[in-house]
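The values are calculated or read from the model by the stated rules, or taken from the named source; none is laboratory data. Bear in mind the structure is a predicted one, so any value in this text is a computation, not a measurement. Neighbour counts are summed over all protein chains in view; Cβ atoms, including those assigned to glycine, are modelled from backbone coordinates with ideal geometry. Surface areas here come from the heavy atoms of the whole protein model, side chains and all, with no ligands, DNA or RNA. Shrake-Rupley method; radii C 1.70, N 1.55, O 1.52, S 1.80 Å.
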Amino acid sequence: MGSKVDVKVVLLGKEYSGKTSLVERYLHHRFNESVPYQNTIGAAFGANKVIVGNKSVTLGIWDTAGSERYEAMSRIYYRGAKGAVVCYDLTNKSSYERAKFWVNELKTYESNCKIYLCGTKLDIVQDDKKLRRVDYHTTTDYADEINAKVFETSSKTGHNVEELFFEVAKDYAKDEQIPENNSNDVQTLHLQDSKDKNAEGCAFCGR
């Protein structure tokens, strides 16, 4: 594309935590429910331009491998990241515990990286609340401790996916000097702040 990436964003989390589906929904507006699960090897990259007010922010998104055997490789991809979306499956408590491992990694090696905790597969727990294994309030309390923001998303329905990445772009635009919007050939996404920020699975649930 020949376009400058303003913000390096890395997705981290255990395998099966929904990272690749999240990127597919955000960049390509699709959810491949019928496609068998395939491990990401190394990392996959995509870019998207977001308009925040009168500023243009290009997100460069790295979807990293979730398998522990690729752990060292994932560390390569989060170096220099401005934002990290740490994913966990709302129906799987162990994926949430694994998310805390990645938070600790970021706090140790990339302390200036902003962290966004992302609970995935919200549609499943909305359909059957008994399947929820990660308590929403426990997560927001943890987010307070680590100065993170919390999103609960569904790649199947698209709920909160665009809002999550808009928040990443907005935080960067607020902190950095960015020139006003100019046109280029990166896919462009226009979003507004969500008006409802207090509902379960809300667009932004950090404090």
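Evaluate the distance, in nm, between pseudo-label points positioned 7 Å from the Cα of Glu176 and of Arg75 along their respective Cα→Cβ axes.
Taking the two extended label points, one gets 2.5 nm.
Considering only protein heavy atoms, what is the solvent-accessible area of Asp175 at a probe of 1.4 Å, reported in Å² to the nearest 10?
80 Å²
How much accessible surface area, in Å² rounded to 10, belongs to the heavy atoms of Leu22 with a 1.4 Å probe?
That residue has around 0 Å² of solvent-accessible surface.
Quick one: how many Å² of His159 are accessible to a 1.4 Å probe, rounded to 10?
The accessible area of His159 comes to roughly 70 Å².
When the solvent-accessible surface of protein heavy atoms is calculated with a 1.4 angstrom probe, in what order do Lys19, Lys55 fall, highest first?
Lys55, Lys19
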